[in-house]
Amino acid sequence: MKNSSIIKKLISKITVIGYCLLVLGFVSCDDMFNPAEENKRQLEDLTKESTYAHGLLIYAYERLPYATTTQTDVATDDAVTNVTNNTYLTMATGSWASDNNPMSQWDNCKHGIQYANLFLSIVDKVSWAPSAASKQQMFIDRMKGEAFGIRAVFYYYLLQAHGGYADDGILYGVPLITVAEDGSSDFNQPRATFADCVKQCFADCDSAIALLPDHYEDIKSEEEIPAKYLALGANVSGYNLVFGQKAKNLLSGKAAQAVKAQVALLAASPAFRDQSGVTSAEAATFCANVLKGIGGVSGLDDSGNTWYKNKSKIDNSTTTEIPEIIWREDRRQDNDQEKENFPPTLYGRGSVNPSQNLVDAFPMASGRPITDPQSGYDSQNPYFNRDPRLAEYIICHGSTFKKNVISTGVDMPNEDGETNDNLNSIETSTRTGYYLKKLLREEVSVSPTSSSSQYHIYPRIRYTEIFLAYAEAANDAWGPQGDPTGVGFTAYDVIKAIRGRASLGRDEYGFPLPGGDEYLEEIKSDKAKMTELIRNERRIELCFENKRFWDLRRWQMPLNESVKGMKIEKVDPEKEDSPLKYTTIEVEDRKYDSTYQWYGPIPKGEVLKWSNLSQNKGW
């Protein structure tokens, strides 16, 4: 993309971005309200007008590839959708191709990288605060750190979506572009190796960590100001303007540490580890660096697995941090998710239907898998005495939601005589016998006559994800109870804390069992079984957060597990009090090819356009 086209897009966009007013409050009134005689700005003009220069960074932020709704899970064994033209549905059922790839991150992330590179090329030349040397340097450092960290995010998502083995047997990433391109640039660039792309991500994260505070928070005394800024004359108000609480949803040093941990876990995973240059021990160390800042497992948020419905924390999130979340978007007041996913009797679209496969992944309340002979699981009473997270995340037959009992059986009216929530009853009914509950606020109404909204928080990175990443990497490197680096906690410790938060290890009445989480204790010395358990805990804790698709591929697990559902019907339809019959049904086949589709394609159009750009094997 040429710089001139970027400037034109930027100028048309920047007027609607209010964030500039927040960060650039020191810009003079003349600069704000008296436009230049001619509103045709070139690249050199950006160094003179900080508002427009900062817009480049904002444009990069706008391209961050974080989804705020459940999307890709319906392309996995965790869910299906009842929206027949959904692109992820068609992809998962056989249409995935290099020229038909809804998982592609190519254009968006490459554009984001260009904006970050362009900003980095001018940030040192811009007059951010010409009257105060300390503010000038603090703004340069902060925004430069943000740009480095954001660039690492874009490369991480590109590697996840497009990294893979070419026909020559080499594991490639994407072309590495670290300077702004213009009309004279050579766009016919080969892909860098995956290992070199990972090194660049690490370097960018390290640059961000060196320049940014762990957290954006107001300070109260000059003793808290870093020496380099004090030497330039910084004071408390100036420091708070740049690094204070109002900047808290920007990329921070802690967020950059977490991105580095995510990159390392990807690189150390079975699909990439042979040529990534990253070991599980290194990935565990990077994860531990994030977690040590909150005291290790003692810092695990007690309500972190239900952050999305903690009204008091969400409502106060403009002034109070949510301890589960490392980095997030600004909160939003809406009811979009609820419109899309409430059951139809509650005026929702019922779009995302959790699978029986996922329901079966939830253990019993005792912590034992339902496949364990000692679990006590009853296939004809399948929701009794299960992991409490099942009731938190998924609406099953008989669940009470918004004070309504939801009926998902066949020809089984609810208490109001309605059957629209029944299996395959109408277009918006569930196809699996389940509805989504996680991420939704029950206080919301989407009734056409009494619609209401609530605040929602959309995390970009959660602490629970990094805890699980540590457990996965540490177990792979050192086994369930290994801690050779002395961080003070092990993979076993993490899983014990996460399952303890979920109240596992209890009997059907909720009382702790004498042996606690007996299953965890039985396998705590078995690396292979702990690997299975960690992966299952990740599946449960991060369900519907767009993680499963990428996890299956980086673990090189089977992709073609068909999606199942639950058919519930009366044994004797003529009797009101008839016992129920539960039958597992096939809902949707998955048509992936594990011989090559563990790695996504380079867009076909790009390969045809640029002779130096190699395609991944099989595509």
Net charge (Lys, Arg +1; Asp, Glu -1) of residues whose beta-carbon lies under 11 Å from that of F272, F272 excluded, is +2
Which of the aspartates and glutamates could a cross-linker span from K437 if the Cα-Cα distance has to be under 13 Å and same-chain partners fewer than 8 positions apart are dropped? E338, E340, E392, E545
If you bin the C-alpha pair distances of the range 32-170 every 10 Å from 0, what whole percents do you get? 10, 29, 26, 18, 13, 5, 0
Whether the range 256-381 is rounded, prolate or oblate, judged on the alpha carbon gyration tensor where a/c under 1.5 counts as rounded: oblate
Reduced Cα scattering model of the range 158-262, Debye log10 I(q)/I(0), q = 0.11, 0.18 Å⁻¹: -0.54, -0.92
Rounded percent of accessible protein surface that carbon and sulfur make up, the range 372-475, 1.4 Å probe: 45
Normalised convex hull volume, the range 300-344, alpha-carbon set, Å³ per residue: 96
Cα centroid of the range 345-394 to Cα centroid of the range 105-156, whole Å: 46
How far apart, in nm, are the 7 Å Cα→Cβ label points at I426 and K591? 3.1
Please go through the range 491-597 and write out the GluC sites (Glu not before Pro) that DSSP classes as loop and that have at most 10 other C-beta atoms within 10 Å. E574, E576
Hey, with R₀ at 30 Å, roughly what FRET efficiency would T400 and E329 work out to, going by the Cβ-Cβ distance, to 0.05? 0.45
Cα Rg, Dmax, the range 387-541, angstrom units: 20.1, 62
Quick one: work out Rg over Rh on the C-alpha atoms of the range 170-225, Rh as Kirkwood radius. 1.24
Excluding ligands and nucleic acids, what accessible area in Å² is computed for K135 using a 1.4 Å probe, to the nearest 10? 60
Solvent-accessible heavy-atom area per residue, rounded to whole Å², over the range 192-333 at 1.4 Å: 41
In terms of modelled amide H atoms, which long-range or inter-chain residues lie less than 5 Å from the amide H of N422? none
Please list H397, H456, H111, H215 in order of solvent-accessible area, largest first, computed with a 1.4 Å probe with all protein chains present. H215, H111, H397, H456
Rounded to two decimals, what is the ratio between the C-alpha radius of gyration of the range 455-519 and 2.2 N^0.38 Å? 1.36
When the Karplus curve 6.51 cos²θ - 1.76 cosθ + 1.60 is applied with θ = phi - 60°, which whole-Hz ³J(HN,Hα) does each residue of the range 269-283 get, with x for Gly and Pro? 6, x, 5, 10, 5, 4, 10, 7, x, 10, 9, 5, 4, 5, 4
With every protein chain in place, the range 131-198: carbon and sulfur % of accessible area (1.4 Å): 48
Per residue of the range 165-170, what does 6.51 cos²θ - 1.76 cosθ + 1.60 with θ = phi - 60° give for ³J(HN,Hα)? Whole Hz please, x for Gly and Pro, Karplus curve as stated. 8, 8, 5, 7, x, 9
In order through the range 372-389: 3J(HN,Hα) via Karplus (6.51 cos²θ - 1.76 cosθ + 1.60), integer Hz, x for Gly, Pro: 6, x, 8, 6, x, 5, 10, 5, 9, 8, x, 9, 7, 6, 9, 3, x, 5
Take the solvent-accessible surface of the protein heavy atoms, probe 1.4 Å, and return the percent of it on the range 553-602 that carbon and sulfur atoms account for. 49
Over all directions, average the projected area of the Cα convex hull of the range 317-374 and note it in nm². 7.2
Can you give the relative contact order of the chain as a percent, counting alpha carbon pairs under 8 Å and 6+ residues apart? 18
Share of Cα-Cα pairs in the range 289-445 beyond 28 Å, whole percent, is 33
The chain: mean projected area of Cα convex hull, nm²: 30.5
Search the structure for amide H atoms under 5 Å from the amide H of R386, placed 1.01 Å from N in the peptide plane, and list their residues when 5 or more places away or on another chain. A365
With an 8 Å Cα cut-off and a minimum separation of 6 or more residues, compute the relative contact order for the range 117-228 in percent. 30
Keeping all protein chains in the complex and leaving out DNA, RNA and ligands, what accessible area do you get for Y463 with a 1.4 Å probe, in Å² to the nearest 10? 10
A166 paired with Q556, simple spin-label distance in nm, labels 7 Å along Cα-to-beta-carbon: 2.1
Could you work out the Kirkwood radius for the range 485-537, taking every pair of different alpha carbons, averaging 1/r and inverting it, reported in Å? 11.9
Amide H of N616 versus every other amide H placed in the peptide plane: which residues, excluding those fewer than 5 positions away on the same chain, fall under 5 Å? I602
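The values are calculated or read from the model by the stated rules, or taken from the named source; none is laboratory data. Because the structure is a prediction, the values reported are computed rather than measured. Neighbour counts run over all protein chains shown; Cβ positions are idealised from the backbone, glycine included. Quick note on the areas: whole protein, heavy atoms, side chains included, nothing else; ligands and nucleic acids left out. Shrake-Rupley method; radii C 1.70, N 1.55, O 1.52, S 1.80 Å.
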